[in-house]
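Values quoted throughout were computed directly from the atomic coordinates according to the rules given, and no laboratory measurement underlies them. As the structure is a computational prediction, the values presented were derived from the model and not from experiment. With ideal geometry, Cβ positions are generated from the backbone for all residues, glycine too; neighbour counts draw on all protein chains shown.
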Amino acid sequence: MIHFTVAVCISGSSFLYLFLFSFMFCHIRLFLMGLSSADGGTSVEVDERTRITIWGYCECRWKRFLLRLASFLTLGFFRLLLHWKPSLYVKAALTRCSLKRADVVLIRDESFQWSRRPVRVVSRPENFCLLKQGGTLREHCSLRYFTYRKLKFVWFAELGSFHRLQSFDGNIDCESLHAWRGWTDEQASKLMAVYGTNEIAIRLKSVLELVFTEVLNPFYVFQLFSVTIWFSDTYYYYASIVLLMSACSVALDVYQIKKNQIALQRTVHKADVINVLRDQQLQCVSTMQLVPGDVILIPAEGCIMMCDAVLIFGNCIVNESSLTGESVPVMKTAIPAGGATQVNYDHKIHAKHTLYCGTHVLQTRYYSGHEVKAVVTRTGFSTQKGQLVRSIMYPKPVDFEFTKDLLRFVGVLALIASVGIIYTIVLMTIRGSNIGKIFVRALDLITICVPPALPAAMTMGVIAAESRLKKRHIYCISPNTVNTCGGINVVCFDKTGTLTEDGLDFLGILPTPQQGGIFRVELKQARDFDAGHGIVRAMACCHSLTQMGQQLAGDPLDLVMFNETGWQFEESQAVNESERFDILPPTLVRQPNPNGVEIAVLKQFPFSSDLQRMSVLTRELLSNEVILYCKGAPETVISLCRSSSIPENFDSVLGYYTKRGFRVLALAMRLMDTSLLKAMKMSRDAIEHDLTLLALLIFENRLKPQTTPVIGQLRKAGIRTVMVTGDNILTATCVARECSIVDNSLPLYFVESVESDTLTFQLHPDEITLSAEEETRRPDADQFSVQIHQIKPSYQLAVSGKTFDIFCKRFPHLLPKLICVCNVFARMSPEQKTQLVNILQQLDYIVAMCGDGANDCGALKAAHAGISLSGGEASIASPFTYKLANIDCVVSVIREGRAALTTSFGIFKFMASYSLTQFLSVSLVYWLGSNLADFQFLFIDLVLITLFTVSFGRTPAADGLHPKAPNVCIMSSNSISSLLLQLVTVIFYQVFSFVYVAKQAWFVPHYFSPKAEVHPSYQATGVFLISTFQYITLVVVYSKSFPYRKSMFSNRLFLFSVLFAVGISTMLTLNPPAWIVDLLELKMPPDMRFRTLLLLLALINFLHCLLIEECIVDRLLPCLLKRLSKKRRLTTGNSKRTEFEAILEEIGATPAWIVGENVGHRRRFTKLGGFYNNANLKVDDQLNMYLCEQSNYSKL
């Protein structure tokens, strides 16, 4: 009757708590449903590439009361759960309301990470000032806002929503910037109240706060729970050691976090004094007091920029290596006024006129009587450097299937533990154990089945891989990314400085014929021309070089070109020089002889990646002629030239050199028919036209010696390689062929967009032609055409940034097909590179990006694994940084990633098997009414398992890259089958030993006593001894070597651990010393023959497990699964594939999908989104579907 009452009490209390939890979760679910049914939230822009979704919530007293009651009844565990899930906390404690009444906003970012932020309302007698479009001010008596990731979002009642606090660069035109004269002190004070101080302030958390945050981590909470159970179970030794190890781990984590915070704060927290225009007068103020719209003076001796600002007077030489990684100083010029066009300022478009926070102004150049002035556009965390720091503080979560599967499997282990709990409760209740003992024993099974040391063990392979990478000068700031690298199946490369050398070799000059005609074949050098020839003058003047000390600095191409002329370069700051030319002190270039030509560069229109050109206004000394020289991409320059100056064979000559990988630039000039004063005031558009083509300059950009071998290794390993460059498409394609990114044995097509009145699709018949038909249709108002040129017999595509943009905007449903077969992306802007990486990820690719950091920062941050080949702060945002500036690091990163992933798989399967093996041992011993002794647990957990986990990951990576990629899914049939088969084997041998002992003649049945905790018995000893060998067996079986790791014999520490464990276990089985028998509370079988048989049984168990893993799991099972998958695919047409695999299969072996017939389907592309329907639609509704589907679709 007592036993029945105890069971009823336990069941009743369990039911009560179950009911309580059900009530609370149903309560939360109702609010979740209410959220989804109400609306999808309000989308708010954070920056150019990021948006968040927000919902409003207000206080609710009865929900607060229920929350506190639930937290009290669950001893704080329910509140802890809500701490881990901010979205659940908000829905449980607050009531959904409009944003207008919200006290708290619930925020979801694009990675589906949730956070909550309080809405604050502040007021002041002097009012606040908010910037409006065009630099105007609007006063407010109060301010309602919330902060998110260091940015402030303000409530605008007229818009009915929160918006990010606008900077000064929001829709202000360049003409207004030139006329801007700054703020008054009163206006600056009101702006400061809104925008705050101009600093990138990183709050240092206290040690106590960091400790509290770390301890509340689910891993440490579970460890604390486990330690509590162990102490209550008098398992003092191991509990004390785990507690000590956890405390050390927390201390190390807190120390590292604190160290990183201090280092980051020292890096970014700087202040200086600067002259600012306030009330039309110069004031010397701290840079922390700057606000957007302030007019500042850049010191002549240079400075470190503490804000983002746009130059309105003068020029600056700036070192931007801290942001871009580019060590070459760049020239920043005053932004043009814009004239009648009223061009709005954009920091990306006008980057050549913008000084970014954190960059170093080396020197300034300015007009006589004027100073270098700039208008502050952004301050604090809104600056370019602030965005970089925010990306470091709030990194994008690594979205990797391995981590998700890991959590799912831990859930499976928890379910198994629940079965054990039921078994323990029923068994011990029937035997009359007290409630406390039943409770402790039941919970003890959770700590056994779900090992608390699992997360720590999983990091061992990553730590070892990171250490090996560091020895190769590859530095990793995001250890979690190492495992991700094991699954990489596409690598994107920048070209210049990454695949090719930074420097260029000058090959020669192709001058245009004086009387029209055609280009001549032979190349000339600068010395072949007269000193006064226009080509030589253009080469000497048209560049952005500057003098730093006694050396010239600037773009490597400009350096090579200028040095080829043999002229001298001089930057004069003397007043008399500026008076001679009536402008700011000019750059002078001279012939080396005393009586040579002397030319002044009066004005520079800097190179723009959008315009693909630069130009300079020049005047020869003692001459009144003003000449414009222009240099840039040939296709851009000739569009500005008079047709009479362009040779007839221009296209064929340009194609000849670019197809062979040479870098080609065009030189042009224009003799101005206006005075110098008028020419200086003309806009760029007004001055850059009616040019005369002078010549083509040919440069050779050599591949780095490591490039081709590395690309070859990646291709052999089945890893796709893609070139993403800002260079010409023909040059990029040639370099891609040379380094084997483009397969020379396969056909290649260019996809080009051309302005046209009709939409034309054709394959040129001058090469191998897929279709001789030409199809012409009428498109809508903005017309363009797409032409596919087959230049070699293959099926690969190359596309320019312009065409890529058309695909993105007009034909997003065809973009996945293009991305899956295009290996060369040319003339790509930094934003397009980032967009490409994001789309590859959406197609289920695991993407690595390798670049030099200058224009690749966005793509490096967006990729699963970014590998930067530059130093500086830009590399901080990239998980990997390589100091030797070549791409052989890519192979090393993938090799170590594969090894770490294999190690993580192996150690996870071992830890799962170990926990289930111990779970089985304890369950069998529970049947006897006993338990394993403390020192038995200690020997297993501390000696065997700790040795194995520490040494397991030290096996080095294999030397090469195997063609078959490792499995990235723990929940795969292979992994599950391995665990199940090994578990069945473990169960069989443990149960066999348990039963076999009882069959011996000398066996004495165990006497059960409900008061005793541990009862030494023959059966318990047999189970313990056989299990020690099983742990050794499992760790050896799961220590996989080929093809991703070297043999385990190369891991000396692991080999020693295994041999040590075998020796100790053999000694314990055959002839343990008496003190060890007493310590471990063993009851040794008296028959030595039985002990030997037990050892033989362990050997058979090892061979059995090894046979299962090597023959069944690794060989037989994959073949069976492959056949089943093939059969299912043939019968049902379905198979588990990634998005890109489905697309590649769909589009077939030819690009017929580009010119094929329209097919009437309605389809939704699941990842990229968007519906399209080309059934029963007019041709122009679909823009003629110029790249259309062929016939039969596989499911995407």
Cβ under 14 Å from Asn315's Cβ, Asn315 left aside: what net charge do those residues give with Lys, Arg +1 and Asp, Glu -1? +3
From fewest to most C-beta neighbours within 10 Å, the residues Lys91, Lys883 line up as Lys883, Lys91
Measure out, as a whole number of angstrom, how far apart the alpha-carbon centroids of the range 394-454 and the range 716-746 sit. 52 Å
Could you state the orientation-averaged shadow area of the convex hull built on the Cα atoms of the range 242-308, in nm² to one decimal? 6.5 nm²
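Quick one: Tyr423, Tyr255, fewest Cβ neighbours within 10 Å first, how do they rank?
In order of increasing Cβ crowding within 10 Å: Tyr255, Tyr423.
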Past the 18 Å Cα-Cα mark, which pairs from Lys258/Lys470; Lys352/Lys631; Lys631/Lys659; Lys85/Lys404; Lys205/Lys385? Lys258/Lys470; Lys631/Lys659; Lys205/Lys385
How do the peptides 660-672, 43-55 rank, highest first, by the average count of neighbouring beta carbon atoms within 10 Å per residue? 660-672, 43-55
How many nm separate the modelled label positions at Asp805 and Lys1046, each set 7 Å beyond the Cα in the direction of the Cβ? 5.1 nm
Checked the range 506-692 against the a/c 1.5 cut and the a/b vs b/c comparison, axes a ≥ b ≥ c from its Cα gyration tensor; verdict prolate
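Based on other C-beta atoms within 10 Å, arrange Asp346, Asp233 from fewest to most.
So the ranking, lowest neighbour count to highest, is Asp346, Asp233.
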Under the 0.36 nm per residue contour assumption, what length would be gained going from the current alpha-carbon distance of Val273 and Phe77 to full extension? 65.4 nm
